[in-house]
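Notes for the one structure printed next.
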Amino acid sequence: MLVINRPHLLWLLVPFVLYIGALPFVNRVEPVVLGLPFLFAWLLAATLLTPVAVWLTWRGDRKTREAAGQGGAAGQGGGAGHE
């Protein structure tokens, strides 16, 4: 199974959970966070955390590929679709 061999891919679930999974629980105006309604503050935080989750996935995938001897360094054809 792909997730067993590459558990770092689970980081890609973070944006899904923040945007879709938690939305029914955070859909409220109160409390106000930094002058913003709670839902807006939540979506702003989710937007800022999404690149972090993608970076953690990329870093874990790069380490997995290097450990497997496939290279994967930037500029060496290790991008998506070059397998």
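The values are calculated or read from the model by the stated rules, or taken from the named source; none is laboratory data. Everything quoted here is computed from the prediction, not taken from an experiment. For the accessible areas, the whole protein counts, side chains as well, though only heavy atoms, and no ligand, DNA or RNA atoms are used. Shrake-Rupley method; radii C 1.70, N 1.55, O 1.52, S 1.80 Å.
Here are a few things to note about the model shown:
- Contour excess over end-to-end distance, with Cα ends at A22 and K63 and 0.36 nm allotted per residue: 11.7 nm
- Carbon and sulfur %, accessible surface of the range 13-60 computed with the full protein complex present, 1.4 Å: 81 percent
- If the chain linking T47 and V29 were pulled fully straight, counting 0.36 nm for each residue of separation and taking away their Cα-Cα distance, it would gain 4.6 nm.
- Largest accessible area first, the listed residues R6, R59 line up as R59, R6 when surface is computed with a 1.4 Å probe on the assembled protein chains.
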